[in-house]
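Here the structure is laid out as structure tokens; the discussion comes afterwards.
Rule-based calculations on the coordinates, nothing more; no lab input. Keep in mind that what you see is a predicted model, and the values were worked out from it rather than measured. Positions of Cβ are backbone-derived with ideal geometry, glycine not excepted, and every protein chain shown enters the neighbour counts.
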Amino acid sequence: DMHVYCDETRPLLQGARLTSFELVNAGITTSVQCDNMAALLLKTGRVKIIFVGCDRVATNGDAANKIGTSGLAILARHYGVPFYVCAPSSTIDPKVETGEGIPIEMRDPEEIKSMWYRKDMVPEEVDASFNPAFDVTDHSLITGIITERGLCTAPYREAFQKLGLLSS
């Protein structure tokens with residue numbers, strides 16, 4: 001039996017609102033937890049494998065996804081849990097060699113303060129100006145990248161080329 005632990009994905013709660021909805025509609029037993037609970041789930045052995053989505057992939061395998069993905073990959077490495085990125089081949093950008101070339105969208109600071117709650121979450125005087133929507137997970141932390149054409153493992157540039165996702 002499969003049980004999926006779904007991170008809430010703050011501050012817009014895409015995991016709680018969208019991912020969990022899709023999983024439940026697919027008949028998969030799903031729990032939603034706060035993003036910062038992932039370490040405990042990994043430490044206690046409840047999580048055997050991690051799959052994340054991805055918005056953009058550099059040719060070296062660095063992957064940009066919702067903020068917190070890189071931290072989750074670091075935790076997975078620490079606890080010996082395989083970490084896979086699921087990405088349609090259209091997200092592999094042949095013009096971007098490393099994650100350093102992926103621009104990171106900055107979001108409205110108000111999302112951190114009160115966006116999805118009935119009352120303010122932090123005092124008005126708190127500076128919430130740093131609100132990146134994404135982070136980049138280093139390719140060295142990724143077990144594999146799953147595309148519709150197959151599984152790619154490091155070295156990623158060569159793996160992408162073998163599957164016809166990049167020209168030689």
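Treating the beta-carbon of each Lys and Arg as +1 and of each Asp and Glu as -1, no other charges, what is the dipole magnitude of the chain about its Cα centre, to the nearest 20 debye? Each step should come with its number before you reach the end.
Working: 16 positive and 22 negative charges, 133 e Å.
Charge dipole of the chain: 640 debye, to the nearest 20.
Pick from Glu111, Glu100, Glu125: which is most flexible by mean-square fluctuation in a GNM of the chain where alpha carbon atoms under 10 Å apart are linked? So, out of Glu111, Glu100, Glu125, the one fluctuating most is Glu125.
Taking the longest Cα principal axis of the chain as reference, the axis of helix 69-79 is set at about 80 degrees. When DSSP beta bridges are limited to those with both residues in the chain, what percentage is antiparallel, rounded to the nearest 5? In the chain, DSSP labels about 45 percent of beta bridges as antiparallel.
Near Gly101, within a Cβ-to-Cβ distance under 12 Å, what is the net charge of the other residues, with Lys and Arg +1 and Asp and Glu -1? Kindly include the intermediate steps, with their values, before the conclusion.
Working: positive: Arg56, Lys95; negative: Asp62, Asp93, Glu97, Glu100.
With Lys, Arg at +1 and Asp, Glu at -1, the neighbours total -2.
Calculated from DSSP H runs of 4 or more alone, at -39500 (n - 2.57) each and per residue, what is the 222 nm mean residue ellipticity of the chain, nearest 500? Here the helix-only value at 222 nm equals -5000 deg cm²/dmol. Once Lys and Arg get +1 and Asp and Glu get -1 on their Cβ, which of Val32, Gly61, Phe130 lies farthest toward the positive end of the dipole of the range 1-148? Of the options given, the answer is Val32. Phi angles across the range 124-138 convert, under the Karplus curve 6.51 cos²θ - 1.76 cosθ + 1.60 with θ = phi - 60°, into 3J(HN,Hα) values of 4, 6, 6, 7, 10, 6, 8, 9, x, 7, 9, 9, 10, 8, 5 Hz, Gly and Pro given as x.
Starting from the Cα-Cα distance between Asp127 and Arg46, subtract it from 0.36 nm times their residue separation and give me the gain in nm to one decimal. Numbers along the way, then the final one.
On the way: separation 81, 0.36 × 81 = 29.16 nm, distance 3.59 nm.
So the extension gain works out to 25.6 nm.
The phi torsions of the range 155-168, fed into the Karplus equation with coefficients 6.51, -1.76 and 1.60 and a -60° offset, translate into couplings of x, 5, 4, 5, 5, 4, 5, 4, 8, x, 8, 9, 7, 5 Hz, rounded to whole numbers, with Gly and Pro shown as x. Which net charge results when you count Lys and Arg as +1 and Asp and Glu as -1 among the other residues whose beta-carbon is under 12 Å from that of Ala154? So the surrounding residues net to -2. Coupling constants for the range 48-62 follow from the phi torsions by the Karplus curve (6.51 cos²θ - 1.76 cosθ + 1.60, θ = phi - 60°), and in residue order they are 9, 7, 10, 10, 10, x, 7, 9, 7, 10, 7, 5, 7, x, 4 Hz; glycine and proline get x.
Net charge near Leu165, counting Lys/Arg +1 and Asp/Glu -1 over other residues with Cβ under 14 Å of its Cβ?
On the way: positive: Arg56, Lys95, Arg149, Arg157, Lys162; negative: Asp93, Glu148, Glu158.
With Lys, Arg at +1 and Asp, Glu at -1, the neighbours total +2.
If you plug the beta carbon distance of Arg149 and Asp108 into 1/(1 + (r/R0)^6) with R0 = 35 Å, you get a FRET efficiency near 0.45.
Could you order the peptides 150-156, 24-30 from most to least packed, using the average number of other C-beta atoms within 10 Å per residue? Walk me through the numbers on the way to the answer.
Details: 150-156: 16.4, 24-30: 11.6.
Order by mean packing, descending: 150-156, 24-30.
Restricted to Cα atoms, the range 49-162 shows a radius of gyration and a Dmax of 16.2, 53 angstrom. Taking amide H as placed 1.01 Å from N in the peptide plane, Leu166 has its amide H under 5 Å from the amide H of Gln161, each at least 5 places away in sequence or on another chain.
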